[in-house]
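Throughout, read-outs are computed from the coordinates displayed, never taken from laboratory work. This is a predicted model, so every value here is computed, not measured. All Cβ positions, glycine included, derive from the backbone under ideal geometry; neighbour counts span all protein chains shown.
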Amino acid sequence: MSTRAGSPRRADALRNRQLALDAATALLAEPGATLTVEAIAKQAGLGMATVVRTFGGKDALLDAAVSGLLEPVVRRARDLLAETTPARALQTFLRELIAFQGAHHAISDQLGGLELPATTALRGDLVAVVREMIELAQRDGTIRDDLSATTITALMGPTALAIARSRPTSEELVDAYLTVVLEGLRLRT
């Protein structure tokens, strides 16, 4: 890997970058954690100046950490859509999204108002693939079509987040929540 000027990055700079990313990722998983440069630096065992120098600021660091977490989520959603029926893909993905949101509280809690271009792009990709799941399920008659796919998609995100925040005590409870939500989407004959 090289810097913008083309010279090789020092091994310690790469190590510091990874330490800061790992620290930010760990803090994103802690309910109520404060996502400041100071907290990230402390968690990483680095100085604040090192963290800022490595990323250029908190926004860039958090964008790198969150986008690193979201990339596999988006990939998984696409894989599910390719591997199974749209309705099954949606059900499986929502279960996994709830687990993800439950494990990474701070992503939704503390990132508002930050400049996160990679994260914003991935969130857009995620919304698009969920909307595609819904549209395909509507076409095959498994999900009601009296609500637009855009409306259903807009309802799914906050619903999954609310379920995650309720901290269900078991997989059975998550399944019960999803059954209630998805039954409301079933096409009535």
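For residue 116, what is the net charge nearby, where nearby means another residue's Cβ is under 13 Å from its Cβ and Lys, Arg count +1, Asp, Glu -1?
Numbers: positive: 58, 123; negative: 59, 63, 115.
Residues near residue 116 contribute -1 overall.
For the chain, what is the calculated [θ] at 222 nm in deg cm²/dmol (nearest 500), taking -39500 (n - 2.57) for each run of four or more DSSP H residues and dividing by its residue count?
On the way: 9 runs with 137 residues, N = 189.
So the calculated ellipticity at 222 nm is -24000 deg cm²/dmol.
Which helices pass in the chain if a helix is a full DSSP H run, must span at least 15 angstrom along its long axis by Cα, and must have mean Kyte-Doolittle hydropathy not below -1.0? If you can, show how the numbers build up before the last one.
Details: long enough: 11-28 (26 Å, 0.34); 58-83 (38 Å, 0.26); 86-103 (25 Å, 0.36); 117-139 (33 Å, 0.29); 149-165 (24 Å, 1.07); 171-183 (17 Å, 0.75).
Within the chain the helices that satisfy the rule are 11-28, 58-83, 86-103, 117-139, 149-165, 171-183.
For residue 140 and residue 83, calculate 0.36 nm times their separation in residues minus their Cα-Cα distance, and state this gained length in nm to one decimal.
18.9 nm
Calculate, for residue 162 and residue 53, the FRET efficiency according to 1/(1 + (r/R0)^6) with r their C-beta to C-beta distance and R0 45 Å; round to the nearest 0.05. The partial results should precede the final answer.
On the way: r = 39 Å, r/R0 = 0.87.
So, using R0 = 45 Å, E works out to roughly 0.70.
Pulled fully out, how much extra length does the chain show between residue 71 and residue 30, if you take 0.36 nm times their separation in residues and subtract their Cα-Cα distance?
Details: separation 41, 0.36 × 41 = 14.76 nm, distance 2.00 nm.
Between residue 71 and residue 30, full extension yields 12.8 nm more.
Residue separation times 0.36 nm, minus the C-alpha to C-alpha distance between residue 151 and residue 173: what's the value?
On the way: separation 22, 0.36 × 22 = 7.92 nm, distance 2.52 nm.
Going from the current span to full extension adds 5.4 nm.
Of the labelled options (1) 182; (2) 135; (3) 170, which one gives volume of the Cα convex hull per residue in Å³ as computed for this structure?
Derived directly from the coordinates: (2).
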